[in-house]
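Inspection log for the structure reproduced underneath, given as structure tokens.
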Amino acid sequence: MRRLTAFVSALVLMLCAGGAAAQEWDDVLARARGQVVQFNAWGGSVKANDYLQWAAETVKARYGVELKHVRLADTAEAVARVQADKTAGRTKDGAIDLLWINGKHFAAMKEKGLLYGPFTQRLPNQRLVDTAGKPTTVDFTVPVEGMEAPWSMARFVFVHDAATLRKPPRSIQALLEWARKHPGRFTYPRPPNLLGSTFLKQALMALSSDWSSLVQPATAENFDLVTEPLWPYLDELHPLLWRGGAEFPFSGADERQLLKDGQIDISMAFSLLEAASAMEAGLLPKTARVFGLDGGTIGSVNFLAIPFNARAREGALVVIDFLLSPEAQARKADPRYWGADTVLDMAKLRPDDRRLFEAIPVHPAAPAPGALGPALPEPHPSWMELIEKEWLRRYANG
């Protein structure tokens, strides 16, 4: 009898908690109606911009929330603006309500108290996120702790035109050997562009025998020792690059254009579906394909965060929850609309929601499951910051 009473009591408490959460979310929806959400996000992708326009139209029609995409060339612009508000004591009515961030920007904002939260436990769709099989609870080794919501998976990959390069190099050392035989046919975006910096981290991980230091913050004492193998490699590689390493493309889009124009044979991206997505947009030839390295490549997650002084806080919560919905995640995973791997756990979805993902056409340029090898963990963000500074010191002037 006591067991039955305890079970009934637990069930009542669970139902009450669920009812309270539902009521709280209804209150968020009510306060969000009529708000204008200033979403500061990278604006360098036509597909991403079009996707956000679709999202804006949808949340406006359903929730009465106006979503405005403030297109950034560099997320650092928005971070600096929030920091300026904090320094000036502007604790409310900030100009930025929502941010697309990860890595060093999240680490800096979290450390300096520039973020609102924790908030993810308030989102109904957060329960659908894969928190076991995907790195959605850490950002470049820094615990998220509810201060940002995962948006999509990112995977560092290389891209080639299979019609002109049938067998691409499958390791960092093999890339150097290939470049010796094909000078001028490879390059990477100029750091601190995120793609270029990730290539440097990928090379360092491949050249290092011990990664344990990379998951800890970099220090003045260990930086030179840990990065020692990287600089001789780059010294040898750079004269073999496009334009002899005297110039570098400024972005992934610039490098992709070089591949499309036939000036180089290998580019890089952050999506398993980069070739498929770019092909659908007419940005790469039909024979473009992605490839990984034999030991795997770096994988991470893109996140959404709310600044500490956001004006439209409730509207931002509603937008994030919608972007985590199976509907929005499935559309984002479709290379016709974007082509970014979902953060959701398929086992947590209802059958109708799983079918949204199952209905996405299999693209001929999409890699087979597991074909790219394991996803490697991102180093601590402090490594990227110091590597970028050292790269600029050594190579910025060609």
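The values are calculated or read from the model by the stated rules, or taken from the named source; none is laboratory data. It should be emphasised that the depicted structure is a prediction, and the values quoted were computed from it without experimental measurement. Note that each Cβ is placed from the backbone with ideal geometry, even for glycine, and that neighbours are counted across all protein chains shown.
Does residue 204 satisfy the condition of being more than 16 Å from residue 303 (Cα to Cα), of a type in the set (A, V, I, L, M), assigned by TED's automatic domain parsing to the domain that holds residue 236 and in contact with a Ser or Thr (Cβ under 7 Å, 6 or more places away or on another chain)?
yes
Taking residue 178 as meeting all but one of (1) loosely packed, with under 15 Cβ neighbours inside 10 Å; (2) free of Cβ contacts under 8 Å to residues at least 24 places away in the same chain, write down the number of the exception.
(1)
Mind checking whether some residue in the stretch 376-383 is in contact with a strand residue (DSSP E or B) (Cβ under 7 Å, 6 or more places away or on another chain), at pLDDT below 90 and under 19 Å from residue 140 (Cα atoms)?
Looking through the stretch 376-383, none of the residues is in contact with a strand residue (DSSP E or B) (Cβ under 7 Å, 6 or more places away or on another chain), at pLDDT below 90 and under 19 Å from residue 140 (Cα atoms).
Hey, does the stretch 155-166 have a residue that's at pLDDT 95 or above, part of a helix (DSSP H, G or I) and buried (at least 21 other Cβ atoms within 10 Å of the Cβ)?
No.
Of the residues that make up the stretch 364-375, is at least one under 25 Å from residue 139 (Cα atoms), in contact with a Ser or Thr (Cβ under 9 Å, 6 or more places away or on another chain) and not in a loop (DSSP other than H, G, I, E, B)?
Taking every residue of the stretch 364-375 in turn, at least one turns out to be under 25 Å from residue 139 (Cα atoms), in contact with a Ser or Thr (Cβ under 9 Å, 6 or more places away or on another chain) and not in a loop (DSSP other than H, G, I, E, B).
Whether any residue in the stretch 189-197 is in the same structural domain as residue 380 (by TED's automatic domain parsing) and in contact with a Lys or Arg (Cβ under 7 Å, 6 or more places away or on another chain) is what I want to check.
yes
Quick one: is residue 180 outside the structural domain of residue 328 (by TED's automatic domain parsing) and more than 18 Å from the chain's Cα centre (by Cα)?
When the stated conditions are applied, residue 180 passes them.
How many residues are buried (at least 18 other Cβ atoms within 10 Å of the Cβ) and polar (S, T, N, Q) if we restrict to the stretch 105-154?
Of the residues in the stretch 105-154, 6 are buried (at least 18 other Cβ atoms within 10 Å of the Cβ) and polar (S, T, N, Q).
Picking from 334, 341, which residue would you name as being within 21 Å of the chain's Cα centre (by Cα), closer than 14 Å to residue 129 by Cβ, charged (D, E, K, R) and in the same structural domain as residue 126 (by TED's automatic domain parsing)?
341
Let's see how each residue does on (1) in a loop (DSSP other than H, G, I, E, B); (2) at pLDDT 95 or above:
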site: 52; (1), (2): no, yes
site: 68; (1), (2): no, yes
site: 77; (1), (2): no, no
site: 81; (1), (2): no, yes
site: 110; (1), (2): no, yes
site: 132; (1), (2): yes, no
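Any residue in the stretch 248-268 that's under 18 Å from residue 74 (Cβ atoms): show its pairings with residues that are assigned to a loop (DSSP other than H, G, I, E, B) and aliphatic (A, V, I, L, M) at Cβ separation under 8 Å, as long as the two are six or more apart or on different chains.
248/241; 255/264
Under the condition of being of a type in the set (Gly, Ala, Ser) and within 20 Å of residue 157 (Cβ to Cβ), which residue from the stretch 301-345 is surrounded by the fewest Cβ atoms within 10 Å (Cβ to Cβ)?
333
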